[in-house]
Amino acid sequence: MSNFSRWQAGTAAFLALGITTGTLAPLVSTAPAFAQASGFSDVSSNYWAEDFISELSERQIIAGFPDGTFRPDAPVTRAQFAAMLRKANESFDQPSVRGNTNFVDVRSNYWAASAIQTAYTTGFMAGYPGNVFRPEQNIPREQVLVALANGLDYSSSTATSSVLNIYNDASRISNFARDPIAAATENQLVVNYPNLSTLNPTRNATRAEVAAFIYQALVKEGEAVAINSPYAVNQTPVVTGPVTIPSGTSIPVQYEREKILITNEETVPLTLTVDANITTADGRVLIPAGSEVIGELRPAQGGAQFVAQTLVMGSQQMPINATSQVITTTETVRKGINVGNLVKNAALGTAAAAAIAAVTGDRAIATEELLIGGGAGVVLNLISTFLGRNSVDLISIEPDTDLDLRLGSNLVITPR
């Protein structure tokens with residue numbers, strides 16, 4: 001068996017949160033280590049399905065070719081799949097559910113005749129009208145999933161359409177396959193590479209994909225340990241009502257300026273922008289990127305802290321209890337300082353602008369720089385407060401790193 005220590009998910013803009021019964025939970029848990037891989041010359045250690053292939057090879061459910069290759073991207077015929085199913089059923093141990101039949105296109109001396117008969121009698125596979133099996137026909141992905149779901153007697157506890165909504169090509173699933181694929185999805189048999197949301201139901205299944213599907217079925221049946229593949233569809237019943245984002249969840253935010261300067265005594269209004277979609281495990285958006293968080297920067301523990309008040313998502317507004325960390329980083333403003341460099345791409349609190357203007361003598365600060373918390377007239381009135389000082393310490397905030405929010409209480413949102 002193989003040592004699965006690779007987590008390859010390319011989800012930098014996505015918060016690692018999943019949905020279970022209406023609340024957020026970790027999407028992936030840690031799997032135990034596996035033994036050393038068997039190895040095929042054309043299956044590298046970082047191949048997406050290497051662990052699935054190695055595990056099934058160790059169990060002798062699948063095999064390579066005499067030249068030492070596995071040919072992972074080669075298609076699988078219906079006869080070949082039946083042979084794999086017969087080996088897998090030594091673990092599944094599914095009984096016969098119907099009697100033998102004689103397919104008109106499967107000779108008694110055909111190499112896979114016995115395996116085809118077993119796949120039929122155990123309920124995994126069926127033929128076509130006219131008692132035809134088509135053993136040499138390549139098997140589509142949807143047929144592989146239908147076979148596993150039917151043979152293992154899986155069903156979905158949720159409406160088929162709701163489960164299949166996670167696939168962006170659900171409309172391409174054949175009518176006969178929709179219910180079984182919903183069941184296969186809910187029972188976590190589906191593995192989609194390279195796009196988790198694209199099923200490609202009618203595309204011919206590859207040897208690597210069939211290995212992944214069969215291995216997931218072994219996991220579901222308690223015959224194998226789960227592999228933490230980033231391409232395994234971890235589908236839970238879809239939550240149709242409100243979803244609770246729990247207290248303590250982090251929400252990344254951004255601001256239009258690179259820096260904010262305020263005094264440690266002032267309170268200024270501030271509006272931040274959510275930097276990435278907050279989603280459920282099935283991809284439904286709870287808080288869209290670009291939503292606004294309205295609140296204030298307030299004095300706190302010798303520094304400043306952003307306190308959120310309102311979450312604005314399009315036309316929807318709701319109260320939100322969230323705060324940033326306390327920022328205590330300071331920047332000293334002295335006479336003779338290069339004011340242009342100091343305020344470049346910075347937002348200034350009203351009192352901070354007055355302090356800079358008083359210490360440096362640059363009154364243009366009051367009228368030319370972007371201000372938060374007040375207008376130029378307010379700044380001019382405050383300048384006298386700081387006159388006579390040679391320097392002043394201001395709180396220096398870098399919004400993209402300092403102001404990420406943490407929920408102070410649960411936030412209940414209906415997915416879009």
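Just so you know, all these numbers are worked out from the coordinates, no wet-lab data involved. The structure presented is a predicted model; accordingly, all values stated were derived computationally and were not measured. Note that we place each Cβ from the backbone using ideal geometry, even for glycine, and neighbour counts take in every protein chain shown.
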For a quick check: with amide H placed at 1.01 Å from N, whose amide H comes under 5 Å from GLY408's, ignoring anything fewer than 5 positions away on the same chain? GLY248, ASN321, ALA322, THR323
Over the Cα atoms of the stretch 245-413 the radius of gyration and the largest Cα-Cα distance (Dmax), both in Å, equal 17.4, 61
Around TYR154, under 13 Å between beta carbons, what's the net of Lys plus Arg minus Asp minus Glu among the other residues? -3
Radius of gyration, Dmax [the stretch 271-345; alpha carbons; angstrom]: 17.0, 57
The ³J(HN,Hα) series, computed from each phi in the stretch 85-97 with the Karplus coefficients 6.51, -1.76 and 1.60 at θ = phi - 60°, rounded to the nearest Hz and given as x for glycine or proline, is 4, 5, 5, 5, 5, 5, 8, 5, 6, 7, x, 5, 10
Please give the peptides 94-104, 310-320 ranked by average Cβ packing (other Cβ atoms within 10 Å per residue), highest first, as a rough proxy for protection. 310-320, 94-104
Taking LYS335 as the anchor, which lysines have their alpha carbon closer than 24 Å to its alpha carbon, excluding any fewer than eight residues away along the same chain? LYS259, LYS344
Mind ordering 69-75, 155-161, 355-361, 112-118 by average Cβ neighbours within 10 Å, highest first? 355-361, 112-118, 69-75, 155-161
Using the Cα gyration tensor of the stretch 81-127, the equivalent ellipsoid's semi-axes, largest first and to the nearest Å, work out to 17, 12, 7
Taking H as built 1.01 Å from N, whose amide H comes closer than 5 Å to the amide H of ILE278, not counting residues under 5 places away? LEU286, ILE287, ALA289
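Report the Stokes-Einstein translational diffusion coefficient (µm² s⁻¹, integer) for the stretch 37-220, Rh taken as the Kirkwood radius over Cα pairs, at 37 °C with viscosity 0.692 mPa s.
Once the numbers are plugged in, D ends up at 196 µm²/s.
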